[in-house]
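For reference, the structure discussed in these notes is given below.
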Amino acid sequence: MSADPLRRILLVEDDLDIQAVIQLSLEMNGGFTVATCARASQALDLARSFGPDLILLDVMMPDLNGPALLGAMRQDPDLAGIPAVFLTAKSLDEDPWLERLPGVLARISKPFDPQELVPALLRIWAGRVRDPGSPRP
């Protein structure tokens, strides 16, 4: 397990209201540096220039869904090892495979309590025990 602290988060969320709530919570409650984008098409370039420790990624977006975007990131050597957490309104029963994608640490279900977001991410970050680029067993 790495002792690297979680500092920089890339948030990819197409709902601008949800994006604003999440960004505010991460910055105010967690002290994180957060970069945001609303479209998957912006996320690759932003991830390269921002250098996040973690990608917080919406599953359903209009231009490219979260799993497809994550797949594109895994093809880029500069982004392949960045772990991700999915944000989804779908239940575990609807998409049980999401957490088995390479580099996915967890999922957070929408709606969620913004006050609980930072503690949840810190637990997820502290509990990562595998190479973020490797698939879950």
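Structural remarks
- If you go through region 10-53 and keep only what is of a type in the set (Ser, Thr, Tyr) and within 17 Å of Ile124 (Cα to Cα), you end up with just Ser25.
- Qualifying residues in region 54-66 (those that are out of contact with any Ser or Thr (no Cβ under 6 Å at 6 or more places or on another chain) and surrounded by 18 or more Cβ atoms within 10 Å (Cβ to Cβ)) - the one nearest to Trp125 (Cα to Cα): Leu54
- Checking Ala84 against (1) of a type in the set (Gly, Ala, Ser); (2) modelled with pLDDT of 90 or more; (3) surrounded by fewer than 18 Cβ atoms within 10 Å (Cβ to Cβ), the condition it does not meet: (3)
- Residue tally, condition hydrophobic (A, V, I, L, M, F, W, C) and farther than 22 Å from Gly71 by Cβ, over region 4-58: 11
- Those helices (runs of 4 or more DSSP H) lying entirely in region 1-95 with at least 2 residues without any contact (Cβ under 8 Å) to a residue 24 or more places away in the chain: 16-30, 40-50
The values are calculated or read from the model by the stated rules, or taken from the named source; none is laboratory data. Just so we're clear, the structure is a prediction, and the values are computed from it rather than from any experiment. As a convention, Cβ positions derive from the backbone with ideal geometry for all residues, glycine included, and neighbour counts pool all protein chains shown.
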